[in-house]
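What follows is calculated from the coordinates using simple rules that are stated; it is not laboratory data. Remember, it's a predicted structure, so these values are computed and weren't measured experimentally. Counting neighbours? That spans all protein chains shown, and the Cβs are built from the backbone with ideal geometry, glycine included.
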Amino acid sequence: MTPIALAIACLTLVTLCYATLCAASPFGTCRKCTGLGFALKHDRKGKPKRGKPCRRCKGHGIRIRAGRWLYNRAARIHRDGTR
């Protein structure tokens, strides 16, 4: 196998794995709050305390994956174009 064919095969495999992941689990944890939904603050004694809700995920702790967002956008465009 040539190196180009091997690279294309590897990229195809990675793409299919990511598409399967987006179909099975369209939401991932928020990167800013690490899935908690709020920022961790510490009081004067150093104990962790619940802070404000995360602005990025609006306190849910989850975000939509980029691949799922692209799929939803393409499906919406196709649906609107065929009506």
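Taking the chain as a whole, which cysteines find no other cysteine Cβ under 4.7 angstrom from their Cβ?
CYS10, CYS17, CYS22
Along the positive direction of the dipole of the range 3-81 (beta-carbon charges: Lys, Arg +1; Asp, Glu -1; about the Cα centre), which of ALA66, ALA9, LEU40 reaches farthest?
Of the listed residues, the answer is LEU40.
I want to check a number: in the chain, how many lysine pairs have alpha carbons closer than 17 Å, given a sequence separation of 8 or more or different chains?
6
In the neighborhood of GLY28, defined by Cβ-to-Cβ distances under 10 Å, what is the net charge if each Lys or Arg adds +1 and each Asp or Glu adds -1? It would help to have the intermediate numbers written out before the result.
Numbers: positive: ARG31, ARG63, ARG65, ARG68; negative: none.
Spelling it out: positives minus negatives among the neighbours equals +4.
Among ILE77, CYS22, GLY51, which residue has its Cα positioned farthest towards the positive end of the charge dipole of the chain, with +1 placed on the Cβ of Lys and Arg, -1 on the Cβ of Asp and Glu, and the dipole taken about the Cα centre?
GLY51
Counting each DSSP H run of 4 or more residues in the chain as -39500 (n - 2.57), what helix-only mean residue ellipticity at 222 nm follows after dividing by all residues, to the nearest 500 deg cm²/dmol? Walk me through the numbers on the way to the answer.
Working: 2 runs with 38 residues, N = 83.
One gets -15500 deg cm²/dmol as the mean residue ellipticity at 222 nm.
Would you kindly derive the ³J(HN,Hα) couplings of the range 49-63 from the backbone phi angles with the Karplus curve 6.51 cos²θ - 1.76 cosθ + 1.60 (θ = phi - 60°), listing them in order in whole Hz, with x for Gly and Pro?
Values, residue by residue: 9, 6, x, 6, x, 5, 6, 6, 9, 6, x, 8, x, 10, 9 Hz.
Using the Karplus curve 6.51 cos²θ - 1.76 cosθ + 1.60 with θ = phi - 60°, work out ³J(HN,Hα) for each residue of the range 19-32 in order, rounded to whole Hz, and write x for Gly and Pro.
5, 5, 4, 5, 6, 6, 9, x, 10, x, 6, 5, 7, 6
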